[in-house]
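*Asks:* Have a look at this one.
The values are calculated or read from the model by the stated rules, or taken from the named source; none is laboratory data. Just so we're clear, the structure is a prediction, and the values are computed from it rather than from any experiment. Neighbour counts are summed over all protein chains in view; Cβ atoms, including those assigned to glycine, are modelled from backbone coordinates with ideal geometry.
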Amino acid sequence: MVQDGQLPANNWKDKYLDKKETIKALPELKKQYEFLKEVDSIALQKSVENLADSYDRYYNKQNKQPRFKSKKNPVQSYTTKLVNGNITVKGNYMKLPKLGLVRFAKSREVEGRILNATIRRNPSGKYFVSLGTEAEVSEWPKTRSAIGVDVGIKDFAILSDGTTYSNPKFFRSLEEKLAKAQWIMSRRTVGGANWYKAKKKVARIHEKIADARKDFLDKVSTEIVKNHDMIGMEDLSISNMLKNRHLAKAINEVSWSQFKSMMNIKQNSMENK
């Protein structure tokens with residue numbers, strides 16, 4: 001199945017991974033690998049399903065080849081599904097398989113029927129849980145409005161009606177603080193307690209920048225999609241623009257691709273209702 005770390009070409013279109021057979025083999029694998037017992041069985045089954053889906057997409061030329069995850073990766077996550085009420089939320093406590101009741105800071109009320117939960121640990125050591133739910137979503141009213149969006153660096157976006165969204169420059173505002181934290185980390189002995197402490201501080205700054213940027217993009221994209229039924233946006237060759245070293249940092253900071261992706265998802269969601 002794997003040769004020298006590479007996936008072989010599926011010339012005869014045969015299945016390399018039988019999902020059902022692999023799931024049936026999990027009890028035996030738990031006897032060989034003790035760490036598999038630390039996670040609930042539904043999460044292990046979901047991991048097998050994700051792997052099988054990755055192989056299918058790779059051999060159908062929909063995705064790149066699957067990347068095998070290392071337990072040393074600072075970002076770790078797993079998904080478990082709702083079975084017989086094993087995932088519930090009561091106030092500021094969440095019941096999760098294997099973990100039992102876990103106290104958490106609720107960012108919003110859970111709406112609808114819970115389907116699954118994804119638990120994720122970020123490089124800074126913080127844990128997050130995302131719940132997949134099934135709920136009725138109200139459709140935004142039709143506006144019969146069309147708008148053009150021109151993205152830039154000085155101003156993040158300018159709409160054809162004259163509305164301007166300034167570039168908040170989240171990275172620039174924390175660039176000096178990040179550089180100092182990275183310098184301190186470089187002075188520490190790799191693998192030592194102080195190195196890990198400095199590494200977490202660097203990760204926290206990166207997360208602060210990413211969270212602020214995501215919040216900004218989410219609010220702007222929602223406002224545009226909510227107020228306009230038809231949206232036109234220039235198709236930029238960002239990969240080519242990034243080759244310009246004088247613009248690369250500024251282009252990465254504004255995250256045009258993420259912004260466009262958010263608008264597409266929200267607009268398609270409204271059109272499919």
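*Asks:* Please pick out the residue among Pro74, Pro123 that is more than 23 Å from Met262 (Cα to Cα) and surrounded by 15 or more Cβ atoms within 10 Å (Cβ to Cβ).
*Replies:* Pro123 is the lone residue from the list that is more than 23 Å from Met262 (Cα to Cα) and surrounded by 15 or more Cβ atoms within 10 Å (Cβ to Cβ).
*Asks:* Can we say Pro141 is surrounded by 11 or more Cβ atoms within 10 Å (Cβ to Cβ), part of a loop (DSSP other than H, G, I, E, B) and out of contact with any Cys (no Cβ under 9 Å at 6 or more places or on another chain)?
*Replies:* No; evaluated as a whole, the condition is false for this residue.
*Asks:* Does Val110 satisfy the condition of being of a type outside the set (Asp, Glu) and touching a Lys or Arg at 6+ places or on another chain (Cβ under 9 Å)?
*Replies:* On the way: of a type outside the set (Asp, Glu): yes; touching a Lys or Arg at 6+ places or on another chain (Cβ under 9 Å): no.
Taking the combined requirement at face value, the residue does not satisfy it.
*Asks:* Here's another thing I want to ask about it. Could you tell me how many of the residues in segment 38-64 are under 22 Å from Lys98 (Cα atoms) and either in a helix (DSSP H, G or I) or under 20 Å from the mean Cα position of the chain (by Cα) (or both)?
*Replies:* Here the count works out to 11.
*Asks:* Going through segment 86-109 one residue at a time, which ones are part of a loop (DSSP other than H, G, I, E, B) and closer than 24 Å to Ser47 by Cβ?
*Replies:* Asn86, Ile87, Pro97, Lys98, Leu99, Phe104 - these are the residues of segment 86-109 that are part of a loop (DSSP other than H, G, I, E, B) and closer than 24 Å to Ser47 by Cβ.
*Asks:* In this structure, is Thr143 touching a residue at least 12 places away in the same chain (Cβ under 8 Å), out of contact with any strand residue (DSSP E or B) (no Cβ under 7 Å at 6 or more places or on another chain) and not charged (D, E, K, R)? Before the answer, list the steps.
*Replies:* Details: touching a residue at least 12 places away in the same chain (Cβ under 8 Å): yes; out of contact with any strand residue (DSSP E or B) (no Cβ under 7 Å at 6 or more places or on another chain): yes; not charged (D, E, K, R): yes.
For Thr143, the condition - touching a residue at least 12 places away in the same chain (Cβ under 8 Å), out of contact with any strand residue (DSSP E or B) (no Cβ under 7 Å at 6 or more places or on another chain) and not charged (D, E, K, R) - is met.
*Asks:* Just checking, how many residues over segment 235-258 are modelled with pLDDT under 80 and part of a loop (DSSP other than H, G, I, E, B)?
*Replies:* Total satisfying the criteria: 9.
*Asks:* Could you tell me which numbered condition Glu28 fails, if it satisfies all but one of (1) within 30 Å of Lys126 (Cα to Cα); (2) modelled with pLDDT of 85 or more?
*Replies:* The one condition Glu28 does not meet is (1).
*Asks:* Within segment 104-126, work out how many residues are touching a His at 6+ places or on another chain (Cβ under 9 Å) and of a type in the set (Phe, Trp, Tyr).
*Replies:* Here the count works out to 0.
Here is a yes/no grid of residues against (1) closer than 29 Å to Asp211 by Cβ; (2) in contact (Cβ under 8 Å) with a residue 40 or more places away in the chain; (3) of a type outside the set (D, E, K, R); (4) not in a loop (DSSP other than H, G, I, E, B):
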{"residue": "Leu36", "(1), (2), (3), (4)": "no, no, yes, yes"}
{"residue": "Pro66", "(1), (2), (3), (4)": "yes, yes, yes, no"}
{"residue": "Lys69", "(1), (2), (3), (4)": "yes, no, no, no"}
{"residue": "Asn84", "(1), (2), (3), (4)": "no, no, yes, no"}
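*Asks:* Separate question: Just name the residue that is surrounded by the most Cβ atoms within 10 Å (Cβ to Cβ) out of those in segment 83-120 that are small (Gly, Ala, Ser) and under 21 Å from the mean Cα position of the chain (by Cα).
*Replies:* This residue is Ala117.
*Asks:* Continuing with the same structure: Would you say Lys180 is part of a helix (DSSP H, G or I) and either farther than 30 Å from Ala43 by Cα or aromatic (Phe, Trp, Tyr) (or both)? Step through it out loud before you land on a result.
*Replies:* Details: part of a helix (DSSP H, G or I): yes; either farther than 30 Å from Ala43 by Cα or aromatic (Phe, Trp, Tyr) (or both): yes.
Answer is yes for this residue.
Per-residue answers, yes or no, for (1) under 20 Å from Phe128 (Cα atoms); (2) modelled with pLDDT of 90 or more; (3) assigned by TED's automatic domain parsing to the domain that holds Pro123:
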site	(1), (2), (3)
Gly162	no, yes, no
Tyr165	no, yes, no
Leu174	no, no, no
Asn194	no, yes, no
Ile209	yes, yes, no
Leu217	no, yes, no
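*Asks:* Of all residues in segment 144-176 being of a type in the set (Asp, Glu) and outside any loop (DSSP other than H, G, I, E, B), which is farthest from Ser257 (Cα to Cα)?
*Replies:* Of all residues in segment 144-176, those of a type in the set (Asp, Glu) come to 150, 155, 161, 175-176.
In the following step, the residues that additionally are outside any loop (DSSP other than H, G, I, E, B) were identified as 150, 155, 175-176.
Working: Asp150: 13, Asp155: 16, Glu175: 22, Glu176: 25 Å.
If we take residues in segment 144-176 being of a type in the set (Asp, Glu) and outside any loop (DSSP other than H, G, I, E, B), then Glu176 is farthest from Ser257 (Cα to Cα).
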